[in-house]
Every structure is written in C-alpha cells, then in structure tokens.
Amino acid sequence: MQRAKALRISPVGVRGIVGPGLTVTHALDFAAAFGTLLATDGPVLLGRDPRSSGQMLRSAAISALLACGRDVIDLGIVSTPVLQHAIRRLNAAGGISLGASHNAAEWNALKFLGPAGTYLASSEAGELLDIYHLKKFAFVEWNQIGKLTYSADAIDTYLDDLARIFDFEKLRKFRVVVDCCNGTSSTILERVRDRFNWPLILINARLEGSAFAHEPETSARMVGSQLGPLIQPLQADAGFLFDADADRIACATSRGEALSEELILPLVADGQLAKFPGRIVLTNLSTTALVEDVAKKRGGEVIRVAVGRQAAIDALSGFRPEQIAVAGEGTGAVMLPQFRFVYDGIAAMLMILTIMADRGQALSEIVAGFPKFAMLKGEVPLKQMRIPQLYTELREAFGDEGRANTLDGLRVDWPDHWFHVRVSQTEPIVRVICEGRGEAPQALFDGLMEQVRRLA
C-alpha cells in the first residue's frame, strides 16, 4: 500500500518518491511508451532539474528512447520552460522533463511534452498510458537505434525569446532579490545577470541534488520565512521565490511583505488585460475569485477548468492565442500567449516587474488596489479512499445552498465565498480550499476539514 501511495500517474506524466514509488523500471517503460507514441519526425529533447535521482532517470529515459529509434538531444540541467522553448525552436518531436517542481528532494517525475512544446492533450495522454500498460513498445533493430547528442545553448536561446518581449534595459533599474531554492532558476538568472548587466541578488543559487535550502514550495509562508526578512536590509524593490523547476513563483514587496501565491495570476492578468482588454483569463476551479474582479474591471472574461496542466492545455486548444490574456493557476504558475502557453516563472517575474515599471508603482501599491480576499488551504492524507461518499455527503450538505460544480471534485459558490474539495493528481492527498471576500470562512473550512478527515 505504501508503494502505491508513493507513485502518482496522471495525464501529465508519472511522479513519485524515488525508490518506494518511482523506479528505474517506470522511467524505462514510460519513456519507451513515449518514444512509441510520437508520430512526428525529429529528435526528442531531454532536460532535468538537479535532483540526485535525475541522473539515474535520465539514463533510463535516454536508453528507452534510443531503443525506439529516436535521436535524443540532452540539454542537461535546464528548467521545463527552457526545454519547451527548445522543442519548438529545434522542430523536435517532443520532450521529456525530469523534475518534480514543488515536491521535496526525494520526489522526481517524468513530464511529457509534445511537438508544440506543451503538455500532451487528453487523447495523447490516454494513448500514452495505454501503450505503457500494454507494454507494446516500438523497439527497433540494432542498426536503427537512435543517436545521443548534447546541447549547451538552450538557456541562451531561451533568453533571446525573452528579450524579444521584455525590455531588460528598463527593468535593470529594479533591485531584486531572488530565492532560487537550489533549482534551475539559478542557471537562468546567473546568465540574465551577466548578459543584461542586471545586478540581481541571488540566494540559494547553488544547484543541489538532495539538500535544498528549504522545501521548493511557492507560498506566502515560505516567502515569509525565507525571503521576506531579507528585502528591507538589502533595500530591494521586490523579491521572488522559485520552485526547483522555475515554473512557479511567489513574491515579496519592498516592505518584505509576503504575498500569497494566489496573487501571481491576478497581478499578471491585470497587466495583460490593461494592454489587451476584453481577452480571456483561463484558470482552474481552485484559484482565487479575485481573478473575476480583475477581469471584470478590464472587460475580460474568466473561464474555469479542472485543476491540472493537461486540462488547461485542452481548454486552450479551443482558442486562438490572441483571444487569451493569460492562463494560470493559484500555485504561482502562469502562461502567456506571447510564449505559446508555457508555464514560466521567469516570464511571470519579468511581467510583474514590467507592470511596476510601466505604472511607476511599487508592488505593494499595485496589490493595495485589489479587493481583499482571504483563503484557507488544507490537505488530508488519502487513506480510506471513500471519496465518492465524501463528495455525495458534501453535495447533499451544501448543494442546495450554493452553486455546485462537479467538474473536478466539488466546488460550491456563494456570492461572497466558496470552497473546493478534490483529490490531488500529484500527491496522495485530498485538498480543501475555502475563500471569502474580506474575511476567510474559518467555520466552513474547519467543518470541511473534519468531514474530509473522516472519509478520506
């Protein structure tokens, strides 16, 4: 039972605690399934974060892809956003990113990306899982085995893409402290510092495989304990904290105030909608209701989908890029249409700094202009597995009072507050989120947590 809990298979890929959950066999079989799935010609790109288990999983993934006749280009230690940009630039068949993002060092994951550099669509993810479970891999003869090459320029070409959108000369005036959490953001930001002569202050910048300075969690709690206390002594204009994969951020104001990770999407949406009024903000059911207020102010529209990156990619396929202002989630991860929808913490940081520069306002002033919302988040270990009963009881208790949505677990909305209860795709837990306008709905949250503990 413990082994099952330590492994999570989702439409995005496979994730788990290495050893008791995720094994080298999983890496071999999933990579072989991916090599079999791909219909597009071209190489498969591989990138990883610095976790100590990444070298083992990398070797397994490369071996499986070569055995399927696929050429492989190893980009080394790079963020998933860098890998995604490289896939499009090199006309690759797809890519595999090895890294567990916000999870602790003992976790790792294989995340699969298609030729557009985005996560697989539902149909592709379903086919990948079918191939994996059936073990029908397209291994080739000895003289058709793929070739392995290496590339060291992925970060530089990624910065070329960023420089086409962001004015680094304008942003250099800001004194910024960045907590890299010993992850891939440091490899990018060190080059930003050198290339654009921008004296960024980087902490926890040394790559670490098993001894992160702190958990790679992008939250106000982590900002408050790790980054916030440094802001005023260093006289910084803002601070940013990254997860290990550089696709999520949280931030702090010049006063050292830790902002909720839920504010990243509204901040970016406000900036994007100011330039592109009337566009769509796409997010999930667990994200703050502040996005509706921001969108309404700018004449935009919010569309909510199930939680998970694959659900967002499915939804985005129904729109033209110019219809979307931004897509993202309440974890501090956002996607910009300018980059064809890559979850990218570096781009999100640059966008927030650009908003500050364009408006001539401090981050604290911009946030002060938003309506106040208060959110409570909890999680309960998944043990008893009585989830259908849990949803049924919650629906019976609250369905008549508020507006129920069962797209992903259960979300119930009232005019001034809401809750969402769902099983996580990436961890063996049930997540409980409540939010209220002004004050947090503490009594509702406590009651939900008690009921979830009883049945989960």
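Just a few scattered comments:
- Paramagnetic reach from K170 (point 7 Å along Cα→Cβ, amide N under 12 Å) across segment 253-279: 275
- Theoretical gain in end-to-end length, H214 to Q442 [0.36 nm per residue, Cα-Cα removed]: 79.2 nm
- With the simple spin-label model, which puts each label point 7 Å out from Cα in the Cβ direction, the N143 to Q235 separation comes to 7.1 nm.
- Sorting 214-226, 103-115 by average packing, meaning the other beta carbons within 10 Å per residue, from highest down gives 103-115, 214-226.
- Relative contact order computed over segment 159-285 (Cα-Cα under 8 Å; 6+ residues apart), in percent: 24 percent
- Solution diffusion estimate, µm²/s, Stokes-Einstein, the chain, Kirkwood Rh from C-alpha pairs, 4 °C, viscosity 1.567 mPa s: 58 µm²/s
- Measuring how big segment 2-156 is from its alpha-carbon positions, Rg and Dmax come out at 14.1, 42 Å.
- Separation of the R453 and R221 label points, Cα + 7 Å toward Cβ, nm: 1.5 nm
- Projected-area average for segment 401-440 over all orientations - Cα convex hull basis, square nanometres: 3.2 nm²
- Three principal axis lengths of segment 254-301 [C-alpha, angstrom, descending]: 33, 25, 13
- Averaging 1/r over every pair of different alpha carbons in segment 262-368 and inverting the result gives a Kirkwood radius of 13.5 Å.
- Principal axis box of segment 135-210, alpha-carbon based, largest edge first, Å: 58, 34, 20
- Bridge type composition, segment 262-368 - antiparallel percent by DSSP, nearest 5: 25 percent
- In this label model, T25 and A152 are separated by 3.9 nm, measuring between points 7 Å along each Cα→Cβ vector.
- Of all DSSP beta bridges in segment 196-303, antiparallel share, percent nearest 5: 65 percent
- Base-10 log of normalised Debye intensity for segment 373-455 (one unit scatterer per alpha-carbon) at q = 0.13 Å⁻¹: -0.36
- Global geometry of segment 329-379, whether rounded, prolate or oblate, following the gyration tensor of its Cα atoms and the 1.5 cut on a/c: oblate
- In units of the compact-protein estimate 2.2 N^0.38 Å, segment 49-98 shows a Cα radius of gyration of 1.12.
- With the convex hull constructed from alpha-carbon coordinates only, segment 76-183 shows a mean projected area of 10.1 nm² over all directions.
- q = 0.09, 0.10, 0.13, 0.23 Å⁻¹: log10 I(q)/I(0) that the Debye formula gives for segment 298-422, counting C-alpha atoms only: -0.37, -0.46, -0.76, -1.41
- Alpha-carbon gyration tensor eigenvalues x 5, square-rooted, for segment 173-259, Å: 18, 17, 10
- The antiparallel fraction among DSSP beta bridges confined to the chain stands at about 60%.
Here, each number is a calculation from the coordinates, and none is a lab measurement. All values reported here derive from a predicted model rather than from experimental measurement. Every residue, glycine among them, receives a Cβ derived from its backbone with ideal geometry; neighbour counts consider all protein chains shown.
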